[in-house]
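One structure is given below, encoded as structure tokens.
No lab work stands behind these numbers, since they all come straight from the coordinates. Here the structure is a predicted model, which means the values were calculated and not measured. A quick note on method: Cβ atoms are made from the backbone with ideal geometry, for glycine too, and the neighbour counts reach across all protein chains shown.
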């Protein structure tokens, strides 16, 4: 077929490397570093799921964390071991008491649940554009939070939800990140992805060339919500215990900052955003405890990391308003599409 | 020369109807933008719609393409009513348009702008895209072949990889026409295609519009202020003033109609 022969090789190498890190890192690195790698990969899934609607389709949703929370709770309820369910969630409907699902099916069910939720929420909301859809989806996030607090038969309310088996390991997160990247890359760089971007650029022109604006937005929103639900499930099985406020404004702002800084219109931009923000905030956190370097002692300045991080955000937005990557992808010169186009043009000239 | 034009008109008059409006009325908060409008378009003809500012020309386009709904009246496209249909449905039935100024997808490349329209007739869903089915490959290839041909026709092949927003204005106008043609329309509506073009570009546009009609067999409606363009390219012209049809005829008839002069120059 057409395309660059190096691409499968590079993909294979990336997979082998990822597998080596996933299985090898816990033996080589300290728990602290393993945790950072895991959180980077996990947040990458969440930020990528956000990029589909917010970056590529121009529907700036502030409600995705609602899907993450819903996914976390659904997966948590499904996978608490049967013996503990009675004690932890005594008022759960009886059909949910009988069984407990393994990690993988619970995660898939969580994703499907949030996807269906996104269809219901998105059908009215995807008619809105600009700020209106942002505020409306934020309303959805608030509703999810209130429901999680008040549906105490299912969620233990504002009390900590606990007892979720700690099964989120590096191989699991890497595998889901691979699936997310694979699906999103194929969607974004396909005719359907082109429709999404056309809708983002100009809804009137998009409908004038026969693109269903509502349909394109809804599909992007629902697929994003699926991976948010999956990410929520991974989060639940990573934390073990959490509360409704784990999945609220703080998480939303964190994810959106990563997305915007990395570049909303690029998949690799989303990854770059997650990696940069995560590493920078960890570095700053260790620095603010105070250190001695070359005889100079810097005292502890707690809170300084947040200030520096905020300052970096401001600088990036001033100098690269479309994020670090903008709408470009990190391809290392291996772009399948441009290679094909170039080939076709060469054939024409010959 | 004159004989050739007459033959064309006779042909046009006998070819089947493609679009008919009757009693079409649209008011915005009491301001009547279009009143009791009627038009009959035949296949393969080039029709001009002219009139002073605010005479209802753009409203006419917006009603036909479903961007706004009429208060009263009928629109029949190939014998079926298209009132109440959504724009994307009307486009898929075979009506395409360009916009005043231009409305390209600025962050997409020139090629992607045309492909975004060409994929209407060769659709691939999200599932096909993720799985890259055999159907995906054949349909993408077909859409790409159409885009390639249209870019070639418009002389935009060399610009295919540039962002649409980086094109010079004249190229943007031709790209918008290419994009409209990529939806494979039977009726093409051009909203002020000569606005902002110099006289050389306008002359080229006259040739281009004829070429498009001959190559694709489409009916073309041109809404325009530029009288030179209208008189040069249109076989029939409808004149609107304050939302009403005041005259329909050949360029010659329209030029000599006293009502048209009055509408443009005011009461003498």
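Things to note:
- Segment residue A:287-residue A:116, extension gain: residue separation times 0.36 nm, minus the distance between their alpha carbons: 57.1 nm
- Radius ratio Rg over Rh of the range B:198-268, counting only Cα atoms, Kirkwood formula for Rh: 1.02
- Annotation: the antiparallel percentage among DSSP beta bridges lying fully within the protein assembly as shown is about 60.
- Distance from the range A:28-86 to the range B:15-76 (C-alpha centre basis), Å: 52
- Pairs of Cα atoms in the range A:6-248 fall into 10 Å distance bins, from 0 up to the last occupied one, in shares of 8, 30, 31, 22, 8, 1 percent.
- In angstrom, the C-alpha Rg and Dmax of the range A:256-329 are 14.5, 45.
- FRET E, pair residue A:175, residue B:228, Förster distance 45 Å, beta-carbon r, rounded to 0.05: 0.10
- Gyration tensor verdict on the range B:82-150 (Cα atoms; rounded if a/c is under 1.5, prolate if a/b is larger than b/c, oblate otherwise): oblate
- Cα shape, the range A:68-131, gyration tensor, a/c 1.5 rule: prolate
- Here the calculated FRET efficiency for residue B:53 and residue B:252, from their Cβ-Cβ distance with R0 = 30 Å, stands at 0.75, rounded to the nearest 0.05.
- Seen from a random direction on average, the alpha-carbon convex hull of the range B:184-237 projects onto 3.5 square nanometres.
- Simple spin-label estimate for residue B:40 and residue A:84 in nanometres, 7 Å along Cα-Cβ: 8.0
- Of B:220, B:114, B:32, the one that fluctuates the most in a GNM where chain B has Cα springs shorter than 10 Å: B:32
- Averaged over B:119-132, number of beta-carbon atoms from partner chains that fall within 10 Å: 5
- In the protein assembly as shown, helices alone account for a calculated mean residue ellipticity at 222 nm of -18500 deg cm²/dmol, with every DSSP H run of four or more residues adding -39,500 (n - 2.57).
- Of the residues B:76, B:235, B:252, the one that moves most in a GNM of chain B with alpha-carbon contacts below 10 Å is B:252.
- Long-range Cα-Cα pairs in the range A:5-97 (distance over 20 Å), rounded percent: 64
- Spread of Cα-to-Cα distances over 10 Å intervals beginning at zero, given as percent, for the range B:89-244: 10, 38, 34, 13, 4, 0
- Remark: the range A:76-188 projects, on average over all directions, an area of 8.9 nm² (convex hull of Cα atoms).
- The Rg/Rh ratio for the protein assembly as shown is 1.07, where Rg is the radius of gyration of the alpha carbons and Rh is the Kirkwood radius.
- For chain B, pairs of C-alpha atoms spaced more than 35 angstrom apart make up 17 percent of the total.
- The range B:104-184: projected area of the alpha-carbon convex hull, averaged over directions, in nm²: 5.0
- The range A:193-337 shape via C-alpha gyration tensor axes, a/c threshold 1.5: prolate
- Between B:165, B:15, B:129, the GNM of chain B built on Cα springs shorter than 10 angstrom shows B:129 fluctuating the most.
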